[in-house]
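Asks: I'd like to ask some things about the structure below.
The values are calculated or read from the model by the stated rules, or taken from the named source; none is laboratory data. Please read these numbers as outputs of a predicted model, since none were measured by experiment. Glycine gets a Cβ as well: all are built from the backbone with ideal geometry, and neighbour counts include every protein chain shown. Heads up: the accessible areas ignore ligands, DNA and RNA and are worked out on the full protein's heavy atoms, side chains in. Shrake-Rupley method; radii C 1.70, N 1.55, O 1.52, S 1.80 Å.
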Amino acid sequence: MIQTDSAAAAAANTLARVEGRGFAARVYFSPLNQRIQVLKYEADDAEAMVADLEAKAREIGFDKVFLKAPAGDQTRLEKTGMCQEATIEGYFKGQPAVVMSLFLSSDRRRRPFAEKQRQILEKIRHRPADSSVPALPEGYEMSPAEIRDVSEVAQLYREVFASYPFPITEPEYIASTMRTNVLYRVVRDAEGHVVGAASAETDPDLENAEMTDFATLPGQRGLGLAQHLLAALEDDMAERNIPNLYTIARARSAGMNRVFYNRAYTWTGTLVNNCHIAGQFEDMHVWCKSLEPVAQN
């Protein structure tokens, strides 16, 4: 087995490959989120994999392990103590993924805002969706972000979020993701300042993209910038033939959940205390959408 330095994993975000008899997994250790996220795995022995990850999590002091699995793996993962929290439609080249989680403490399961979140979601879905995108304010412009923009984008995220599950407040991190599989878009005001941003984290092999990292400066809210960013990123994904879209939105954010509902995303579950964002652990709603095929001339 490839061993992970537990002290290092507990102190800093760490990517690692974990192997054992009957399984191999690429995982992400996140001290801020106090969790192990399985990015990809192959497992003939799911019980051995989950037991190994549970042992690592307990050793480090983390209290959640989660992964996205083919639907056919759900039953054997449930036998390990994992539970399904959501579904991501189309995640595996059009086939669904089940989001499975293992909780290692009662505190991590506790949901003091569950009823409030239910009411927010019910209110959002009670009224008809409105997919229209109003015009940007005069002088505002939206464009794909480039490497030269990373410092401004990171500064935006620092101003908006007291904490975030991934280090998007660091220009180097944003630049590294731009060089791989993440497309960012930004909105600039009439003075040319970045006032809104979002990204699509694509997986071309699996033909899916996570629509994420939405942020608007407080003084710029109410202008529909998130709706603009999402619509533009959807067009970008259609051009790249990536039809299966999903997002993980803060359950207490009525505004962001409404944006996805308005754009015809379907709610498919809630991830309990899934990440540390805006200064605290929060539940996250999963929303999914499949784009219509682009007509070929």
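Asks: Placing +1 on the Cβ of each Lys and Arg and -1 on the Cβ of each Asp and Glu in the range 32-86, which of 48, 36, 75 has its Cα farthest towards the positive end of the resulting dipole?
Replies: 36
Asks: From Cα pairs below 8 angstrom and at least 6 apart in sequence, can you work out the relative contact order of the range 163-225, rounded to a whole percent?
Replies: On the way: 69 pairs, mean separation 13.9, N = 63.
The value is 22 percent.
Asks: In Å and whole numbers, how far do the C-alpha atoms of the range 1-139 stretch along each principal axis, longest first?
Replies: So the three principal-axis extents are 56, 37, 34 Å.
Asks: Size of the dipole of the range 82-214 about the Cα centre, Lys and Arg at +1 and Asp and Glu at -1 on the beta carbon, nothing else charged, in debye to 20?
Replies: Numbers: 15 positive and 22 negative charges, 163 e Å.
I would put it at about 780 debye.
Asks: Can you list the equivalent-ellipsoid semi-axes of the chain, largest first and in whole Å, using the square root of 5 times each Cα gyration tensor eigenvalue? If you can, show how the numbers build up before the last one.
Replies: On the way: eigenvalues 202, 89, 79 Å².
The equivalent ellipsoid of the chain has semi-axes of 32, 21, 20 Å.
Asks: Relative to the longest principal Cα axis of the chain, at what angle does helix 225-239 sit, 0 to 90 degrees, rounded to 10?
Replies: Once rounded, one gets 70 degrees.
Asks: Which whole-angstrom value gives the distance between the alpha carbon centres of the range 192-215 and the range 245-297?
Replies: Using only Cα atoms to place each centre, the spacing works out to 12 Å.
Asks: Now for a separate question. Determine ³J(HN,Hα), in whole Hz, for all residues of the range 250-264 in sequence, where each value follows from phi through the Karplus function 6.51 cos²θ - 1.76 cosθ + 1.60 and θ = phi - 60°; x replaces Gly and Pro.
Replies: Each residue's phi maps through the Karplus curve to give 4, 5, 8, 9, 4, x, 5, 5, 5, 4, 6, 4, 4, 8, 6 Hz.
Asks: Can I ask one more? Compute a Gaussian network model of the chain, connecting alpha carbons closer than 10 Å, and tell me which residue from 70, 128, 167 fluctuates the most.
Replies: Checking each option, the largest mean-square fluctuation is seen for 128.
Asks: While we're on this one: Output ³J(HN,Hα) for the range 22-27: one whole-Hz value per residue in order, computed from phi by the Karplus curve 6.51 cos²θ - 1.76 cosθ + 1.60 with θ = phi - 60°, and x for Gly and Pro.
Replies: x, 7, 8, 9, 9, 10
Asks: On to the next question. Assign unit charges at the C-beta atoms only (+1 for Lys and Arg, -1 for Asp and Glu), then state the dipole size of the range 200-297 relative to its Cα centre in Debye, rounded to the nearest 20.
Replies: 580
Asks: State to the nearest 20 debye the size of the charge dipole of the chain about its Cα centre, where the only charges are +1 on K and R beta carbons and -1 on D and E beta carbons. Kindly include the intermediate steps, with their values, before the conclusion.
Replies: Numbers: 33 positive and 41 negative charges, 200 e Å.
So the dipole magnitude of the chain works out to roughly 960 debye.
Asks: How much accessible area per residue does the chain have, in Å², with a 1.4 Å probe?
Replies: Values: 14100 Å² over 297 residues.
Accessible area per residue: 47 Å².
Asks: Let me ask something else. May I ask you to give the percent of accessible area on the range 14-127 that is carbon plus sulfur, with a probe radius of 1.4 Å? Walk me through the numbers on the way to the answer.
Replies: Values: 2630 of 5710 Å².
In the range 14-127, the share of accessible area belonging to carbon and sulfur is 46 percent.
Asks: Right, something else. Provide, as a two-decimal number, the C-alpha radius of gyration of the range 43-83 over 2.2 N^0.38 Å, N being how many residues it has.
Replies: Working: Rg = 10.3 Å, N = 41, 2.2 N^0.38 = 9.0 Å.
The reported ratio for this selection is 1.14.
Asks: May I ask which residue of 61, 237, 153 lies farthest towards the positive end of the charge dipole of the chain, with charges of +1 (Lys, Arg) and -1 (Asp, Glu) on Cβ and the Cα centre as origin?
Replies: Checking the options against the dipole of the chain, the answer is 61.
Asks: While we're looking at this one, here's another question. For the range 240-297, take every pair of Cα atoms, bin their distances at 10 Å starting from 0, and report each bin as a whole percent.
Replies: Once binned at 10 Å, the Cα pair distances of the range 240-297 give 23, 43, 24, 8, 2.
Asks: Compute the angle between helix 150-160 and the longest alpha-carbon principal axis of the chain, please, reported from 0 to 90 degrees and rounded to the nearest 10.
Replies: 80
Asks: Rg over Rh of the range 60-116, using C-alpha atoms and the Kirkwood radius, what does it come to?
Replies: On the way: Rg = 13.0 Å, Rh = 12.5 Å.
Computed over Cα atoms, the ratio is 1.04.
Asks: Can you list the equivalent-ellipsoid semi-axes of the range 98-187, largest first and in whole Å, using the square root of 5 times each Cα gyration tensor eigenvalue? Mind showing how you got there, number by number?
Replies: Working: eigenvalues 193, 117, 34 Å².
Computed over the range 98-187, the values are 31, 24, 13 Å.
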